[in-house]
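Contents: one structure, followed by commentary.
All of the numbers you see were taken from the coordinates with simple rules; none came from a lab. The shown structure was predicted, so the numbers you read here are calculated from the model rather than taken from an experiment. Neighbour counts run over all protein chains shown; Cβ positions are idealised from the backbone, glycine included.
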Amino acid sequence: MRTPMVAGNWKLHNTRDQAIALATGIKSQTSDVTDVEIVVAPVFTALNAVADALRGSSIKVAAQNCYPQAQGAFTGEVSPQLVEDIGCNYVIIGHSERRQLFGEDDAFINRKVHALAETGLGTILCIGETLAERESGQMFNVLRRQVCEGLKGLGIESMVRVVIAYEPVWAIGTGKTASDQQAQESHAFIRSLLDELYGAQVAGATRILYGGSVKPDNVDGLMAQPDVDGALVGGASLKPADFVRIIKFQKV
Ligand code: PGA
């Protein structure tokens with residue numbers, strides 16, 4: 001009932017031409033995929049070109065960030081409306097790199113959630129605990145705070161366009177993936193929070209992606225977990241063969 005999503009977060013990689021080549025390579029190798037929603041998230045400078053290159057295909061395009069204002073005196077920022085204008089479908093917000101390196105807190109991320117709800121864009125809201133938070137027994141509190149504060153005030157009607165990405169910070173770019181059981185435990189908890197906030201129907205329909213060192217050799221086990229609905233992939237999404245294998249995960 002939940003269409004799996006595999007999203008590639010290209011982070012700060014690829015020139016415009018490299019991004020077009022990567023996108024068209026993925027497109028040609030996934031023309032037979034009908035049951036997985038594929039998303040790529042290039043850097044801002046390649047977003048327009050990649051959106052154009054993928055137009056007419058079923059692959060969706062995401063921005064990696066946005067500012068929660070439509071326009072104004074906000075030097076260096078990009079609004080959801082402008083992202084939508086060039087043909088994007090989603091915006092990733094709350095990524096741990098934005099939280100950690102750029103000081104974004106739950107309140108600011110919540111403003112982005114509301115700004116995105118004003119547009120036709122989908123939201124991929126990233127959450128996840130650090131290793132210290134996990135080891136000190138704070139994981140569930142942190143996830144609760146990030147979900148509740150991140151979605152604060154968002155109406156139930158907007159939830160159809162929200163995807164949650166659970167990305168334990170200690171697993172991002174480290175080669176250390178959460179075990180299948182650890183991922184399932186967190187995803188089930190997040191779904192129970194959505195149930196508390198929005199009821200069973202929304203909780204059952206909202207996709208929860210796992211992110212953090214997803215690779216061809218661990219994706220099948222992760223995707224076999226009942227509450228894992230897809231993957232947000234960093235490093236492996238830059239390698240076409242790896243990313244395509246992740247998209248074509250095997251049911252185990
Ligand atoms: P990774 O990154 O797959 O390289 O760990 C995931 C992410 O940051 O979204």
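Only one entry of Gly137, Gly153 meets the criterion of being part of a loop (DSSP other than H, G, I, E, B), surrounded by fewer than 16 Cβ atoms within 10 Å (Cβ to Cβ) and without any contact (Cβ under 8 Å) to a residue 40 or more places away in the chain, and that entry is Gly137.
Among the residues of the stretch 218-235, the one identified as free of Cβ contacts under 8 Å to residues at least 40 places away in the same chain and either within 13 Å of the ligand (Cβ to nearest atom) or not acidic (Asp, Glu) (or both) is Val219. For Lys152, the stated conditions hold: it is more than 16 Å from the ligand (Cβ to nearest atom), of a type in the set (D, E, K, R) and within 24 Å of Ala62 (Cα to Cα).
Figure legend. Inter-residue proximity from the stretch 195-217: first residues part of a loop (DSSP other than H, G, I, E, B), second residues more than 16 Å from the ligand (Cβ to nearest atom) and of a type in the set (D, E, K, R), beta-carbon distance below 8 Å, spacing 6+ or different chains. Indicated pairs: Thr206/Arg2; Thr206/Arg191; Arg207/Arg2.
Among the residues of the stretch 167-175, are any over 15 Å from the mean Cα position of the chain (by Cα), assigned to a loop (DSSP other than H, G, I, E, B), more than 16 Å from the ligand (Cβ to nearest atom) and on the phi > 0 side of the Ramachandran plot? Scanning the stretch 167-175, I find no residue that is over 15 Å from the mean Cα position of the chain (by Cα), assigned to a loop (DSSP other than H, G, I, E, B), more than 16 Å from the ligand (Cβ to nearest atom) and on the phi > 0 side of the Ramachandran plot, so the answer is no.
For the stretch 67-120, how many residues meet the condition of being within 16 Å of the ligand (Cβ to nearest atom) and either surrounded by fewer than 18 Cβ atoms within 10 Å (Cβ to Cβ) or of a type in the set (Lys, Arg) (or both)?
5
When the stretch 156-166 is limited to residues that are touching a residue at least 24 places away in the same chain (Cβ under 8 Å) and either exposed (fewer than 14 other Cβ atoms within 10 Å of the Cβ) or within 16 Å of the ligand (Cβ to nearest atom) (or both), the one that is farthest from His95 (Cα to Cα) turns out to be Ile156.
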